[in-house]
Amino acid sequence: MKFNGEKIAKYSLMLVAFSALASLLLIAVFILKEGVPFMFKVGLKDFLFSSDWNPQAGKFGIYPMIVASLYVTFGAMLIGAPLGVAGAIFLNEFVPKSVMRVIKPTIELLAGIPSVVFGFLGVMVLAPMIRSYMGGPGLSVLAAAIILGIMVLPTVISISTDAIAAVPNSYREGALALGATRWQSVHMVIIKAARSGIIASIILAMGRALGETMAVIMVAGNTVKIPQTVTDPVRTLTANIALEMANATGLAREALFATGVVLFVVIMILNAIALSAIKSRVRKK
Amino acid sequence: MRIPPKITQVIAVAILGTATFLTVVILVFIIGFVLSKGLPGVNAEFLLSAPKDMGRAGGIFTTLVGTVLLPLVAVAIAFPLGVGTAVYLSEYTRETQLTRALRFGTDCLAGIPSIIFGLFGFIFFVVMLKMGWSLLSGGLTLAIMVLPTIIRTSEEAIRSVPNSYREVSFSLGATRWETVLKVVLPNALPGIVTGVMLAIGRSIGETAAVIFTAGSSLRMPSSVFDSVRTMSVHFYILATEGISDEKAYATAAVLILSVLLVNLAAYGMMHRFISRRAR
Amino acid sequence: MIPLHPIKISVTDFHVYHEKDEALRGLNLEVRAHRILGIIGPSGAGKTTFLRALNRLNDLVPEMHVEGRVLLDGQDIYHPDFDVVSLRKRVGMLFALPVALPMSIYENVVYGPRLSGVRDRTRLNEIVERSLKSAFIWDEVKDRLQMSGLRLSGGQQQRLCLARVLAMEEMEVILLDEPCSGLDPISTAKIEEALTILKSRYTIILVTNNTKQAARVADETAFFLSGEMVEYGNTEQIFTVPRDVRTNDYVTGRFG
């Protein structure tokens, strides 16, 4: 009797596990199935490097969107990475533990703010400022980069903080015992030790910025054009998918899946690099 | 002339401190700004009455309902699937290439942008399976989105149960399933629940995947096949269609408070989990 | 003349392997019912491996496999048809580090009986009182049975673990793996006293790093060294006139 119960439990769990994994596999396979054939139908070169996006006329060049995504993400990291890493270092090394205990959860809680709220503030507060001080429509690469940079701050700070906190205290004590100031111990020893974790945090944040949709749609302007200056409006890959989705049929729909594949692949590669950077640090210990 | 290290330190700390201060100020400003413009519009009437005139008047009650029901459906699907998978992977299988690959795949999927889930959900559930824009389509899509997270946090919680407990249970004549049910899961539960609450917190703020699968109907849903509008979708529509800035801010305030609440509950639970372990 | 106790466990040509390494070599041993068998020897001698082989706890480690026979009341416990779960209900174990389950004292003790299907509250209460008394801990905890077992001291937790084992109705053999290694002398004495009384109802096998404990408590003693059983016999004989020189060296403390 008992054996039957055991076998039922084991096989039920196996079924559950396989269903879960199957559904995860489903989404990966589905996207690839819808997107990859398209890339061969239209030609990878035309798809990725043509600036002619006109689904009605059968033109599917996403080059402007690729450039837009790259500029916006890069810009976001220019803002988010230094601020985030600086914050992580400062909080871990120069701030008493009691203050840290309040600030760190605050920052993590702030990571839960929905992206649409960021986007809204970008529209209401940031874009007008850009319009007045720098010209252009306000909804621009710059606006998107700033908003995204702020959005990824919690990610960079929290993962970098973990990396820095994981540096053994003996390193710090060793440096200080040799007569180094706090700052010297930080930039000569600790940052080096936490380097892979910090880099991982930046890479993961990059993946998040690349995948962000709602905030970007609200502040980036959504024009299909290769930007000449930071105040030009642009449309990122993610925005493109969202904006075209409702009306897309047939080949146009496949084009969106193909865009999804491009994003999918790039972000998976980024995450894999970041995860292996973290793992190699753990192994080095 | 070499700058003395003490001075370098002062400069460095000043720069770092300013950066941190800036970060905190920005983040606090965002919350403060939204709450200050939004909270005045939030009252019992706002929360409990339905939107009127496309949201120009009235409240957000139906969207509140949508925001509660949608994650509920998602969790109802993802929780048993996720915890069951975690139990199977940690208790019934050995660490092999396959399990490592599976774990890597799950981790990778956790980083996929939500718009892609929205695209998938739209084409697969809404169109191909003809479920239409509905609680079900949205719930299934969200479930797949949070599944990797639930599997990962559940596995961690299960693994943190000391092996000695398992050994004792076995030595008293328990089978593996009995050990899982009576010793492992009860102990891993706080960690598992924390993971679920974090997933719910994420679902509340989720817009891209939801708008394309659950739709944006302002009516009260009567079944899982009805479309619903969540607060974040409502906020997005109010904001981008310029319907009402005032209502938009108020909705945003409620949104932010809900997310903060859920996250606080999750962290509170995690704290209890950690302190109980220490005992 | 003491009547010869019947053989409870009979080990014949028993080998235990961890992957390719031989942890236990060619063991031949007979454990008599209602006696305390002490197993002594330096760390790594295979004492724990042997103990865990008797309730097949080694099954949990997939890299371990066995050869040879272990008969409990004449039945081979490693036979594929033999019910492992029922084996563990007859052969219980106490570990070196007391492991109270993270539940109340009451729940700890009734864990085993509940698994066997005992539901009746009165009966469970009886079992709890009887077991805690037999483990010499009833007076200390009778007013706080709902308290978490983790809040007890080390010595109390170990006696709780003993009560847990005693609560199982079909229990016949108690295996103890260095149960007093972390405990203070008073707790140790209490456990030793309990064992001496319990042997009238159970068969007891006690692995210990402390030779004096074996001398105090065990009726028979076996000396293990490097995966082999070097010598086995009446405790007094092992400690006064051992047959093997290695046994002599160990019990006189020449190595440890």
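Quick one: which of A:Ile159, A:Ile164, A:Ile150, A:Ile130 is over 18 Å from the mean Cα position of the chain (by Cα), in a helix (DSSP H, G or I) and within 14 Å of chain B (Cβ to nearest Cβ)? Step through it out loud before you land on a result.
Values: A:Ile159 fails: over 18 Å from the mean Cα position of the chain (by Cα); A:Ile150 fails: over 18 Å from the mean Cα position of the chain (by Cα); A:Ile130 fails: within 14 Å of chain B (Cβ to nearest Cβ).
Matching residue, one of A:Ile159, A:Ile164, A:Ile150, A:Ile130: A:Ile164.
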Exercise. Residues A:Leu275, A:Leu270, A:Leu256: which one is part of a helix (DSSP H, G or I), within 11 Å of chain B (Cβ to nearest Cβ) and closer than 26 Å to A:Phe120 by Cβ?
Worked result: A:Leu256
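Only one of B:Pro80, B:Pro71 is part of a helix (DSSP H, G or I), in contact with a Ser or Thr (Cβ under 6 Å, 6 or more places away or on another chain) and not aliphatic (A, V, I, L, M); which?
Numbers: B:Pro80 fails: in contact with a Ser or Thr (Cβ under 6 Å, 6 or more places away or on another chain).
B:Pro71 is the lone residue from the list that is part of a helix (DSSP H, G or I), in contact with a Ser or Thr (Cβ under 6 Å, 6 or more places away or on another chain) and not aliphatic (A, V, I, L, M).
Restricting attention to the stretch C:101-126, which residues are closer than 18 Å to B:Val168 by Cβ, part of a helix (DSSP H, G or I) and of a type outside the set (Gly, Ala, Ser)? Steps first, please.
Step one: of the stretch C:101-126, the residues closer than 18 Å to B:Val168 by Cβ are C:101-116.
Okay, now just the ones that are also part of a helix (DSSP H, G or I), so C:105-115.
Residues satisfying the conditions are C:Ile105, C:Tyr106, C:Glu107, C:Asn108, C:Val109, C:Val110, C:Tyr111, C:Pro113, C:Arg114, C:Leu115.
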For this session: Scan the stretch C:128-148 for residues that are more than 21 Å from the chain's Cα centre (by Cα) and not in a loop (DSSP other than H, G, I, E, B) and jot them down.
Result: C:Glu129, C:Trp138, C:Asp139, C:Glu140, C:Val141, C:Ser148
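For the stretch C:90-100, which residues satisfy the criterion of being closer than 17 Å to C:Ala33 by Cα and either not in a strand (DSSP E or B) or not β-branched (Val, Ile, Thr) (or both)?
First, pick out the residues of the stretch C:90-100 that are closer than 17 Å to C:Ala33 by Cα: C:90-93.
Residues satisfying the conditions are C:Arg90, C:Gly92, C:Met93.
Any residue in the stretch A:104-118 that is more than 9 Å from every other protein chain (Cβ to nearest Cβ) and assigned to a helix (DSSP H, G or I)?
First, pick out the residues of the stretch A:104-118 that are more than 9 Å from every other protein chain (Cβ to nearest Cβ): A:104.
Checking the rest, the ones that are also assigned to a helix (DSSP H, G or I) come to A:104.
Yes, the stretch A:104-118 contains at least one residue that is more than 9 Å from every other protein chain (Cβ to nearest Cβ) and assigned to a helix (DSSP H, G or I).
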For this session: Please verify whether the stretch C:40-62 includes one or more residues that are in a strand (DSSP E or B) and either buried (at least 17 other Cβ atoms within 10 Å of the Cβ) or free of Cβ contacts under 8 Å to residues at least 24 places away in the same chain (or both).
Result: yes
Problem set entry | Sole exception among (1) of a type in the set (Gly, Ala, Ser); (2) touching a Phe, Trp or Tyr at 6+ places or on another chain (Cβ under 8 Å); (3) over 19 Å from A:Gln228 (Cα atoms) for A:Ser51, by number | (3)
Problem set entry | Subset tally (residues that are loosely packed, with under 15 Cβ neighbours inside 10 Å and either within 10 Å of chain A (Cβ to nearest Cβ) or among the polar types (S, T, N, Q) (or both)) for the stretch B:15-46 | 8
For this session: Kindly check whether there is at least one residue in the stretch A:43-63 that is polar (S, T, N, Q), facing chain B (nearest Cβ under 9 Å) and surrounded by 16 or more Cβ atoms within 10 Å (Cβ to Cβ).
Result: no
Exercise. If you scan the stretch B:75-90, which residues turn out to be surrounded by fewer than 20 Cβ atoms within 10 Å (Cβ to Cβ) and either at the interface with chain A (Cβ under 9 Å from one of its Cβ atoms) or acidic (Asp, Glu) (or both)?
Worked result: B:Pro80
Exercise. Can you name the residue in the stretch C:112-127 that is at the interface with another protein chain (Cβ under 9 Å from one of its Cβ atoms) and touching a residue at least 40 places away in the same chain (Cβ under 8 Å) and, of all such residues, is farthest from C:Leu60 (Cα to Cα)?
Worked result: C:Ser116
For this session: For the stretch C:92-111, state whether one or more residues are under 13 Å from the mean Cα position of the chain (by Cα) and more than 14 Å from chain B (Cβ to nearest Cβ).
Result: no
Seminar exercise, completed: Scanning the stretch C:66-86 residue by residue, those part of a helix (DSSP H, G or I), among the aliphatic types (A, V, I, L, M) and either in contact (Cβ under 8 Å) with a residue 40 or more places away in the chain or more than 8 Å from every other protein chain (Cβ to nearest Cβ) (or both) turn out to be C:Val84
For this session: Please work out if A:Ala20 is within 27 Å of A:Pro233 (Cα to Cα), within 14 Å of another protein chain (Cβ to nearest Cβ) and either buried (at least 18 other Cβ atoms within 10 Å of the Cβ) or among the hydroxyl-bearing types (Ser, Thr, Tyr) (or both).
Result: no
Problem set entry | Residue check for A:Leu78: touching a residue at least 24 places away in the same chain (Cβ under 8 Å), part of a helix (DSSP H, G or I), surrounded by fewer than 16 Cβ atoms within 10 Å (Cβ to Cβ) and within 14 Å of chain B (Cβ to nearest Cβ) | yes
Exercise. Would a scan of the stretch B:33-55 turn up a residue that is aromatic (Phe, Trp, Tyr), assigned to a helix (DSSP H, G or I) and closer than 27 Å to A:Leu237 by Cβ?
Worked result: no
For this session: Would you check which residues across the stretch B:56-74 are of a type in the set (Gly, Ala, Ser), buried (at least 23 other Cβ atoms within 10 Å of the Cβ) and either away from chain A (no Cβ under 14 Å) or in contact with a Pro (Cβ under 6 Å, 6 or more places away or on another chain) (or both) and list them?
Result: B:Gly59, B:Gly66
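Values in this text are rule-based calculations from the coordinates and carry no lab data. Computed from a predicted structure; not experimentally measured. When we count neighbours, we look across all protein chains shown, and the Cβ atoms used for this are built from the backbone with ideal geometry, even at glycine.
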